[in-house]
Amino acid sequence: SLFDSPAERYAKARQSVQHFTPVQLGKCGFDTERVFPSLYVVHSYNFFLFPSTLGIRDVEFTLSASSIQFLSHYGFDFNKFLKDGIPYMNEVQEKILRQRLLAGTWKVCSCADRDVLKKAIDEVTSWITAAKEEDTMILQDLNGYHLLEVQLVLRQALKNVWTEPLGDKKVMVKKVNPQHRQHLENSSYDHCKKKLILLSARGFTNLFLILVKAKKPLVGHNMLMDLMHLHDKFYRPLPESYEEFKRNIHNLFPVIIDTKTVIKSVQKKRLFPRVSSLLEVHAALCSSNLNPKGPPCPVIALASGCSRYAEKKSPHEAGYDAFLCGSVLLMSAHLLLCRSTDDAVEAEPSFSQYLTVLAEHVNKVNFIRGGVSSINFSGEDAPCRHPPALVVHVRGWPGLTERQIYQEFKARCRFDVRRLSKNQFILLSNKYKQVKLVLRDYRHHPHLQVSVYRHWRHSPSVNCLLQ
């Protein structure tokens, strides 16, 4: 709603983030070289994610039917998400797992894993009764997480076995006496040390922590929800306080650039046609009509092994969208640099020059249809710049609802509606033309009197005080 303040929108979005899980995350690194500062070599990665099932409570998440249809339309691999998704956890979940590992009270939550574990335990218990000390057997066809879970369960259940991973989806099980077992557990060669278990259970969170430590500029498109998911899934559960959320994100990523905010600014300066989707923006920026006559645009080259996106467009695949974000940022920054200075631009502008021209957009994340145009992660949010609100006074039309008011004005233009009092409603639009049109067309309406909202005149609380 256009009536939402940033704090109100955050509270709404927080509830959504807590119920949904990211299924895919894209990361693209844009690396420059000293010899050719205008050449950016792109390393693109596409990660399927799935919540960790080791040692923490069973994670529940919601599926939206429309989102499933959308992903299916664009060829999303649901099997890869469910079977091979990389685990992740935030600090709170990791703390719980660490405590349970120390206490020996951890458990596996996945039903599929239980079947695999049961089969492995049955094989080992059938074998061990007749086996002699130092005898070994091999468990096969264990994928990813199962390699670790099977070893942990067997060691927990049977005090006279030792396990070692052999690679190629296999685990070696050896019958040992308890004293030798204790010696092996204390050795540096144990593949199931608690430190390694935590490393494995953290999964993708390990990469997130590396990105945080690197402190490189983080680029996204319409990235408020992305930042909320990063915070909630890999750092800490989202706080209730909007201001605390902003501080946390700024500490994690001191330099954030939202390409949606940048593109809106470029379009306002009439340097760019009105297009909406990220793919359309990228196509328009690649058009020769927009290339300035000055220094050539940055050269963006996909690294060897990452060339699939050069050969085929993959819209809404996370890695491809990340590639588009970085490319759009570089090309739009180049456009702004060439059009915003009277001085001659260097033959090959550096990224630091692009950051300078983008300075007003740094840490400003786009705010969709709300009380402000962007959220400022390094300071206070800018005041609202919406067209003036309108107040509708109803006469001779009893029982009118917000929905009916919305339908009445929908034919001409779109307004968000909120009831002010029994016979009054507030209308909000993000376009001045619509405000002028409604004021003109409803000047002589028999039932609806429309005027510009004045707080001192129309606010029920002010009227109550004056009366």
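First obtain the Kirkwood hydrodynamic radius of region 390-464 from its Cα pairs, then insert it into the Stokes-Einstein equation at 37 °C and 0.692 mPa s, and state the resulting D in µm² per second as a whole number.
Values: Rh = 12.6 Å.
Approximately 261 µm²/s, per Stokes-Einstein.
Based only on the alpha carbon positions, what is the Kirkwood hydrodynamic radius of region 158-211, in angstrom?
Numbers: mean 1/r = 0.0775 Å⁻¹.
Kirkwood radius, region 158-211: 12.9 Å.
Shape call for region 52-93 from the C-alpha gyration tensor, a ≥ b ≥ c root eigenvalues: rounded (a/c under 1.5), prolate (a/b greater than b/c) or oblate? Show your work: numbers first, answer last.
Working: a/c = 3.02, a/b = 1.96, b/c = 1.54.
Because a/c hits 1.5 or more and a/b exceeds b/c, region 52-93 counts as prolate.
Give me the accessible area of residue 426, 1.4 Å probe, in Å² rounded to the nearest 10.
Rounded to the nearest 10, the figure is 30 Å².
Cα gyration tensor of region 118-221, axes a ≥ b ≥ c as square roots of the eigenvalues: rounded (a/c below 1.5), prolate (a/b > b/c) or oblate? Don't skip to the end; give the middle numbers.
Working: a/c = 3.63, a/b = 2.24, b/c = 1.62.
Here region 118-221 falls in the prolate category.
Which order, highest average first, do 308-315, 66-73 follow once you tally other Cβ atoms within 10 Å for each residue and take the mean per peptide? It would help to have the intermediate numbers written out before the result.
Values: 308-315: 13.4, 66-73: 11.4.
Order by mean packing, descending: 308-315, 66-73.
Starting from the Cα gyration tensor of region 300-376, take the square roots of the eigenvalues, sort them a ≥ b ≥ c, and report rounded, prolate or oblate (rounded when a/c is under 1.5, otherwise prolate if a/b is larger than b/c, else oblate).
Values: a/c = 2.81, a/b = 1.14, b/c = 2.46.
Here region 300-376 falls in the oblate category.
For region 390-464, with the dipole built from +1 on Lys and Arg beta-carbon atoms and -1 on Asp and Glu ones, taken about the Cα centre, which of 448, 434, 390 lies farthest toward the positive end?
Selected residue: 434.
Once you treat every alpha carbon in the chain as an equal point and sum by Debye, what is log10 I(q)/I(0) at q = 0.05 Å⁻¹?
-0.29
What order do 286, 297 take when sorted by accessible area (1.4 Å probe), most exposed first?
Highest to lowest solvent-accessible surface, that is 286, 297.
So what's the net charge close to residue 447: Lys and Arg +1, Asp and Glu -1, counting the other residues with Cβ under 15 Å from its Cβ? Display every interim value, and only then the final one.
Details: positive: 395, 422, 443; negative: 408, 441.
Combined, the nearby Lys, Arg, Asp and Glu give +1.
Can you give the accessible area per residue of the chain, in Å², using a 1.4 Å probe? Mind showing how you got there, number by number?
Working: 25930 Å² over 467 residues.
With all protein chains present, the chain gives 56 Å² per residue.
Between beta-carbons, use under 14 Å as the cut-off and find the net charge around residue 160, counting Lys and Arg +1, Asp and Glu -1.
Numbers: positive: 132, 155, 159, 174, 175, 181; negative: 133, 134, 135, 185.
Net charge in that neighbourhood comes out at +2.
The values are calculated or read from the model by the stated rules, or taken from the named source; none is laboratory data. No experiment lies behind these values; they were computed from the predicted model shown. Positions of Cβ are generated from backbone atoms using ideal geometry, with glycine treated the same way; all protein chains shown enter the neighbour counts. The area values use the complete protein model at the heavy-atom level, side chains included, leaving out ligands, DNA and RNA. Shrake-Rupley method; radii C 1.70, N 1.55, O 1.52, S 1.80 Å.
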